[in-house]
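Below is one structure, written out as structure tokens, with a few remarks after it.
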Amino acid sequence: MHSEPKAAKVARVYLRVSTDDQDLQRQEAIAAQAKAAGYYVAGTYREKASGARADRPELLRMVADLQPGEVVIAEKIDRISRLPLPEAEALIAAIQAKGARLAVPGVVDLSELAAAAEGVPKIVLQAVQDMLLKLALQMARDDYETRRERQRQGIEQAKAGNRIGDIGCAVQSYCEDAGFSVVREFVGHGTGHELHEDPEVPNYGHAGRGPRLVPGMTIAIEPMICQYDCKITQSKDGWTVKTKDGGLAAHFEHSNAILKDHTEIMTRFWDDPDFDPEKFSLK
């Protein structure tokens, strides 16, 4: 007797970073890992765009290219989406409507078990899979919103007349009240003729201390937040930084112009829902 040949496992790999100055090098290994796991990689889609955007060209091209039985592979669920939950669910539904499924770390895949089951067990497995996916999508969105809020707290204090310590105190208080810790070794900074200039802008400190903010200053506020302890290690490449305890960490940055009557965020993405180009002014 001859056994039926196994159907080929086909994957499409989606790689994403948020900005043009970030690179995809760390994620590039995913395609090789998929091949090592026995997948034929039908396409690799590389994108530099915010995960909070639904109209990412490469993402949409990937969804259009999907064929029944294929698997979408990404480094993490937040590479696929940081959208609000209803929009994220619509994106996943579009992938599933093509007969494809997701395979990302952190999301248990019960699809094969559900496909093989019948009756009540099938319904239960499908419901659990939907719940796990919804939870992962919501967590990705919550992380995005939390990072934006941490930074907003600091930017609110970046106004003429305040001091550098007011910014750090606002960021530190918000983060530590939420159960996180703040990296000490890396801080924000002034910007101007050089990328990194004085003054240093720590993400910790005491209100009312440090240099006073005056109109004409430009500063980068960049919270670096750890899930657990704030201790870090730096790799020999001089660039890669990791937490000592293996916890997660996040880093977000905006450059801000301190003006006489307001502070202008100069590095908002065009798709930032809070950005109004008609109100943007450095006067």
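All of the numbers you see were taken from the coordinates with simple rules; none came from a lab. Fair warning: this is a prediction, and the values are worked out from it, not measured in the lab. Neighbour counts run over all protein chains shown; Cβ positions are idealised from the backbone, glycine included.
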Item to complete: Return the FRET efficiency for the residue pair Asp198, Ala8: r is the Cβ-Cβ distance, R0 is 51 Å, and the value is rounded to the nearest 0.05.
Response: 0.30
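For an R0 of 35 angstrom, estimate the FRET efficiency from the Cβ-Cβ distance between Arg212 and Ala178 and round to the nearest 0.05. Can you show the working numbers first?
Numbers: r = 29 Å, r/R0 = 0.82.
Efficiency computed from Cβ-Cβ geometry: 0.75.
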Worksheet entry | Whole-Hz ³J(HN,Hα) from phi, Karplus 6.51 cos²θ - 1.76 cosθ + 1.60, for segment 165-177, glycine and proline x | x, 5, 5, x, 4, 5, 5, 4, 4, 5, 5, 5, 5
